[in-house]
There are 2 protein chains.
Amino acid sequence: MNERFAKTPAPPYYAVIFTSLLSQKDAGYAAMGDAMFDLALKQPGCLGAESARDSERLGITVSYWRDEDSIRAWKAQAQHLVAQKYGIDKWYTHYELRIAKVERAYSGPEGRSLD
Amino acid sequence: MNERFAKTPAPPYYAVIFTSLLSQKDAGYAAMGDAMFDLALKQPGCLGAESARDSERLGITVSYWRDEDSIRAWKAQAQHLVAQKYGIDKWYTHYELRIAKVERAYSGPEGRSLD
């Protein structure tokens, strides 16, 4: 399986779905975004994350968590707080953040060799 | 707000998180993917969808649904079944599909004019 996919355990667990549109003034975003992705993966209770941003600057990042306490701790993490402030002040034209409980999960395609 | 964002109601509702890696042999995928995105939005119970695919061919599509019955009906929709078969047979190197119940949702940034 490709390293871009999160290797999550059997449900239930939580997903944080973060959809964002970057403004044209995104100086510093790429480095901070990468750093936050890596930092999230190191947090207690983080089960993995997946992220894609297209040429129109729309990105979707889904991080997976053991429980809601883990999500709350990540929201309050010091470096992450700084990144959130930059995002709100400068980088994001708009974002939607949704917290969801994963109930079922499937992988595919079955029966084919995978990367 | 930008049209790339789903205008979802207050939770609870369901999210289908579909992360996929396209193979190099993706003839026909772009047209089918666009058609399926538009078709999903027309299904009973669909609340919206968001999608991004990056230059490394990793894509995340999140569709939002009123309830699990709506998701089941979409999975069994005739044109969608054809698309699923093409995806499994030809287009996808790997995919992960997760079904989650959205419990909380936030928009931002607050206090700034939005697109």
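Details
- Estimated vicinal HN-Hα couplings, Hz - segment A:93-108 in sequence order (Karplus 6.51, -1.76, 1.60; Gly, Pro = x): 6, 7, 8, 10, 10, 10, 10, 9, 9, 6, 9, 9, 8, 9, 10, x
- Accessible-area order (highest first, 1.4 angstrom probe) of the listed residues A:Phe5, B:Phe37: B:Phe37, A:Phe5
- Cβ-derived FRET efficiency at R0 41 Å, A:Ser55 paired with B:Arg66, nearest 0.05: 0.85
- With Cα atoms, 0 to 90° folded angle of helix A:29-41 axis to chain A main axis: 40
- Max mean-square fluctuation residue, GNM over chain B, Cα-Cα springs under 10 Å, options B:Gln79, B:Gln43, B:Gln24: B:Gln24
- Database remark: amide H of B:Asp26 closer than 5 angstrom to no amide H (H placed geometrically; neighbours at sequence offset of 5 or more, or on other chains; Pro and chain starts carry no H).
- Distance violations [Cα-Cα > 21 Å] among A:Lys101/B:Lys42; B:Lys42/B:Lys90; B:Lys25/B:Lys85; A:Lys75/A:Lys101: A:Lys101/B:Lys42; B:Lys42/B:Lys90
- Counting from the shortest, the label point at B:Asp34, 7 Å from Cα toward Cβ, is 3.2 nm from the same position in each remaining copy.
- Vicinal HN-Hα couplings computed from phi for segment A:55-70 (Karplus, 6.51 cos²θ - 1.76 cosθ + 1.60; Hz; Gly/Pro x): 6, 8, 6, 8, x, 10, 10, 10, 10, 10, 9, 5, 7, 6, 4, 4
- Rounded percent of accessible protein surface that carbon and sulfur make up, the protein assembly as shown, 1.4 Å probe: 55
- What the phi angles of segment A:2-11 give under the Karplus curve with 6.51, -1.76 and 1.60, with θ = phi - 60°, is a coupling list of 5, 6, 6, 9, 7, 8, 7, x, 5, x Hz, glycine and proline written as x.
- Whole-number percent relative contact order across chain B, with pairs defined as alpha carbons under 8 Å at least 6 apart: 44
- Annotation: amide H of A:Thr93 within the under-5 Å range of A:Leu21, A:Leu22, A:Ser23, sequence separation 5 or more or interchain, hydrogens built in the peptide plane.
- Classified by the C-alpha gyration tensor, the protein assembly as shown has a rounded form. Its axis ratio a/c, with a ≥ b ≥ c, is below 1.5.
- Between copies, the label points of B:Asp69, set 7 Å from Cα on the Cα→Cβ line, lie 3.8 nm apart, reported in increasing order to one decimal in nanometres.
- Percentage of interatomic Cα-Cα distances in chain B larger than 18 Å: 53
- Accessible surface ranking that places the most exposed of A:Glu110, A:Glu103 first, with a 1.4 angstrom probe: A:Glu110, A:Glu103
- Simple rule: put +1 on each Lys or Arg Cβ and -1 on each Asp or Glu Cβ in chain B, find the dipole, and look at B:Met32, B:Tyr106, B:Gly48; the Cα lying farthest toward the positive end is B:Met32.
- Heavy atoms of the protein chains alone define the surface here; on that basis the protein assembly as shown has 50 Å² accessible area per residue at 1.4 Å probe size.
- B:Tyr13 long-range amide H proximity, modeled H, under 5 Å: B:Val102
- Inter-copy spacing of B:Glu110 label points, which lie 7 Å from Cα along Cα→Cβ, given in nm from shortest upward: 4.7
The values are calculated or read from the model by the stated rules, or taken from the named source; none is laboratory data. In this text, all values refer to a predicted model and were calculated from it rather than measured experimentally. Methodologically, a virtual Cβ is constructed for each residue, glycine included, from the backbone with ideal geometry; neighbour enumeration extends over all protein chains shown. Remember, those area values only see protein heavy atoms, side chains included, never the ligands or the DNA or RNA. Shrake-Rupley method; radii C 1.70, N 1.55, O 1.52, S 1.80 Å.
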